[in-house]
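> The structure's right below; bear with me while I get my questions together.
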Amino acid sequence: MSLTLLVLNGPNLNMLGTREPSVYGHETLADVQALCERTAAAQGMALEFRQTNHEGEMIEWIHQARGRVSGIVLNPGAWTHTSVAIRDAISAAEVPVIEVHLSNVHKREAFRHHSYVSPVAVGVICGLGSNGYCLAIEHFGHLAKG
C-alpha cells in the first residue's frame with residue numbers, strides 16, 4: 001500500500017505569486033503544487049493538494065483525513081493565529097501534521113508569533129519558502145521507511 005499525504009493550504013494562498021511577493025515569493029500555488037507532487041513521487045508517495053479560503057471546508061478535510069491518509073502537510077495561513085477550531089480538528093483527526101509557513105513568522109508582526117496549530121503538530125517548518133513543503137514531505141517519507 002502506498003503512503004498518501006494530504007497537503008492543505010489555507011486562506012489567501014491562492015494569491016501566491018501576486019500577494020506580497022517580497023514576503024511570500026514569486027511562485028504561484030500551482031508551482032508549489034508541482035514541486036510537492038515531484039517530491040512525493042520521488043518518495044514513492046501519493047499526494048492530494050488542496051487550498052481553501054473557507055475555514056469550515058478546511059475542518060472537513062482534516063476530519064476526512066482520519067484513517068485515510070498517513071500525514072498532513074498544513075499551511076494554515078492566518079488561521080494559524082486565530083483558529084481553535086482547526087487546532088481541535090487536528091487533535092480529533094489523529095493524523096500527524098507538519099505545520100508549514102513560507103515566511104518566517106517569528107520575524108514578522110507580533111500577532112503572527114502565536115500558533116494554535118503548533119502544539120498539536122509533530123513539527124513546524126517556517127521561513128524556507130516552498131522548500132518547507134518538500135522537507136515536510138521528505139520527513140513523512142523517512143518515517144514510512146522506518
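> Return the ratio Rg/(2.2 N^0.38 Å) for segment 37-146, where Rg is computed over Cα atoms only. Write out the running numbers ahead of the final one.
Values: Rg = 13.5 Å, N = 110, 2.2 N^0.38 = 13.1 Å.
Expressed relative to 2.2 N^0.38 Å, the Cα Rg reads 1.03.
> Right, next: Expressed in nm to one decimal, what extension gain is obtained for the pair Ala42 and Ser118 from 0.36 nm per residue of sequence separation less their Cα-Cα distance? Could the numbers behind the result be given before it?
Working: separation 76, 0.36 × 76 = 27.36 nm, distance 2.73 nm.
Gain on stretching Ala42 to Ser118: 24.6 nm.
> Taking the Cα centre of segment 4-145 as origin, work out the dipole magnitude from +1 charges on Lys and Arg Cβ and -1 charges on Asp and Glu Cβ, in debye rounded to 20.
Around 220 debye, computed over segment 4-145.
> Further question: In a Gaussian network model over the chain where Cα atoms closer than 10 Å are linked, find which of Pro76, Pro96, Pro119 has the largest mean-square fluctuation.
Most flexible of the set in this elastic network: Pro119.
> Projecting each Cα onto the charge dipole of segment 3-88 (Lys/Arg +1, Asp/Glu -1 at the beta carbon, about the Cα centre), which of Thr4, Val84, Leu35 comes out farthest on the positive side?
Selected residue: Thr4.
> May I ask you to list the GluC sites (Glu not before Pro) in segment 38-121 that are in a DSSP loop and have at most 11 other Cβ atoms within 10 Å of their Cβ?
Numbers: sites: Glu48, Glu55, Glu57, Glu60, Glu94, Glu99, Glu109; in loops: Glu94, Glu109.
Those satisfying the criteria are Glu94, Glu109.
> Would you mind checking the radius of gyration and Dmax of segment 88-129 based on alpha-carbon positions, in Å?
11.1, 31
> Ok, one more. When the Cα atoms of segment 8-66 are enclosed in a convex hull and the volume is divided per residue, what value in Å³ results? Kindly include the intermediate steps, with their values, before the conclusion.
Working: hull volume 4.9 nm³, N = 59.
Per residue, the Cα convex hull of segment 8-66 comes to 83 Å³.
> What whole-number distance in Å separates the alpha-carbon centres of segment 88-121 and segment 1-16?
14 Å
Where a number appears in this text, it was derived from the coordinates with a stated rule and is not lab data. The structure displayed is predicted, hence computed values, not measured ones. Every residue, glycine among them, receives a Cβ derived from its backbone with ideal geometry; neighbour counts consider all protein chains shown.
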